[in-house]
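Here the structure comes first, spelled out in structure tokens, and everything after it is commentary.
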Amino acid sequence: MPEPVHNRPVRIALIGSGFVANFYLLGLADVNHQEVVVNYSRSAKRARAFAAQWGIPEWTTNLAALVSRDDIDLFIIALPNEEHLATALLLARHNRHQVCTKPLARNSAEARTMFRAAQSAHQRAGALHGYAETEVFSPAVVKARQTIESGALGRVLWVRSRESHSGPHSPHFWDVDKTGGGALNDLACHCIEAARYFYGKQDKVVEAMAWGDTLVHTKRTKGEDNALLVLKFSSGGIAHCELSWTTKGGLDLRNEIHGSEGSIFTDVTRSTPITSFTSKTAGYVIEKADIDFGWTRPLPEEAFAYGYQAEMRHFVECVRSGQTPRENYEDGYIVNLILDAGYKSMRSKRWVRVAY
């Protein structure tokens, strides 16, 4: 049974040593009352290098032995999609506090199994489960929600979200059998949860309509590299999501929320506070940047702007206080349900009811 954590740091095991694990460490760097004590990878070389890079005292390739340890307070799953289910079930069997990156699973059946197992661990032993969806922890998005809650926007009527870049950074992302889908699966999870957050989760997504096609990367993937997803809410409101693996210029991350009394716009990647022109390489600019010279828009405090710092702080505080995370496996399961409806619509070319 997880022990309460009050007068000492929350001891964290990072299950994964790749791209998103780096962002989690950047977010955790500014979170009090925690320490990452061990990281896991399926590759000893990668685990060792990651631990050295971040000054983590231990690394391992033995997941079963790691999960069986009683000196770890929180396990963060930062693995490829195909590893989420088995890892979450292992953690649930040991009644461990767990947080999983997005999307929760490759499909709603896997997500439901993960949610039920984590829910059972919570009922048995108070083990928490958190869904690491950065978008709804982004300071700009949180501020937008606060404005909505104040009543200033009136009734939310329409949400538009865009998440796009020039393609995944790791080879496994292009394999739809491993990931569960293409650009829709990879990127729409952010936009769906943003829309649910803006409307309020009591306002359910009831129908979905989607289009997708492989317009550029026909030799790299069997999945769609561009997609559109339209969502109908029970209130009558609409959200539409634009997803692309073919957009040049770095990550494009925007939201629009239109209400009966006004509108809100967020843009943390194309309206950065710095613009530069260099004839030589400028180094790292922004996630998925295609070039690092010429006109660029560097993004300072990238992990903060995207919401990694806020979500990691929230999950650490939940472990310390025993509170339920505001994003948990139920939310991840609902997102997977909506994604499944989107893929069904993509095939049928019709509106599809979301089957809760």
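Where a number appears in this text, it was derived from the coordinates with a stated rule and is not lab data. Given the structure is predicted, the values throughout are model-derived calculations rather than measurements. Note: ideal-geometry Cβ built from the backbone for every residue, glycine included; neighbour counts use all protein chains shown.
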statement: Summing -39500 (n - 2.57) over every DSSP H run of at least 4 in the chain, dividing by its residue total and rounding to the nearest 500, the 222 nm mean residue ellipticity is -10500 deg cm²/dmol
- line: Listed residues Ile72, Ile15, Ile338; largest mean-square fluctuation, Gaussian network over the chain with Cα springs below 10 Å, found at Ile72
query: What does the charge dipole of the chain about its Cα centre add up to, to the nearest 20 debye, if the Cβ of each Lys and Arg holds +1 and the Cβ of each Asp and Glu holds -1?
result: 640
- request: Classify the chain as rounded, prolate or oblate, taking a ≥ b ≥ c as the square roots of the eigenvalues of its Cα gyration tensor: rounded when a/c is under 1.5, otherwise prolate if a/b is larger than b/c and oblate if not.
  value: rounded
- prompt: When the convex hull of the Cα atoms of region 10-134 is projected onto a plane and the area is averaged over all directions, what value comes out in nm²?
  reply: 7.0
field: Shape category assigned to region 1-75 from the gyration tensor of Cα positions, a/c cut at 1.5
entry: oblate
Inter-label distance, nm, simple model (7 Å from Cα along the C-beta direction), Gln123/Ala109: 2.3
statement: Whole-Å distance linking the alpha carbon centroid of region 6-47 with that of region 281-354 is 18
- line: For region 82-98, Karplus-derived ³J(HN,Hα) couplings (6.51, -1.76, 1.60; θ = phi - 60°; whole Hz; x for glycine and proline) come out as 5, 9, 5, 4, 4, 5, 5, 5, 4, 5, 5, 4, 9, 6, 9, 5, 9
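With both bridge residues required to lie in the chain, what share of the DSSP beta bridges run antiparallel, to the nearest 5%? Show your work: numbers first, answer last.
Details: 34 of 61 bridges.
Counting DSSP beta bridges with both partners in the chain, the antiparallel share is about 55 percent.
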message: Given a 10 angstrom Cα cut-off, can you work out which residue in Phe137, Phe19, Phe50 is the most mobile in a GNM of the chain?
response: Phe19
query: Rg and Dmax of region 85-173, using alpha carbons, in Å: what are they?
result: 17.2, 46
- prompt: In whole Å, how far is the Cα centre of region 64-100 from that of region 196-233?
  reply: 29
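Looking at this model, which pairs from Lys248/Lys349; Lys201/Lys248; Lys219/Lys288 are more than 25 angstrom apart at the alpha-carbon? Write down the numbers at each step before the final one.
Working: Lys248/Lys349 28 Å; Lys201/Lys248 33 Å; Lys219/Lys288 20 Å.
Listed pairs above 25 Å: Lys248/Lys349; Lys201/Lys248.
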statement: Computed from every Cα-Cα pair in region 213-305, P(r) in 5 Å bins starting at 0 and rounded to whole percents is 3, 11, 16, 17, 16, 16, 13, 6, 3, 1, 0
- request: Could you work out which residue, out of Ser271, Ser41, Ser150, moves most in a Gaussian network model of the chain, that is, has the largest mean-square fluctuation with Cα springs under 10 Å?
  value: Ser150
Set of region 215-229 residues, backbone N closer than 17 Å to the point 7 Å along the Cα-Cβ line of Asp175: 219-224
- line: Unpartnered Cys in the chain, judged by a 4.7 Å Cβ-Cβ cut-off, are Cys100, Cys189, Cys318
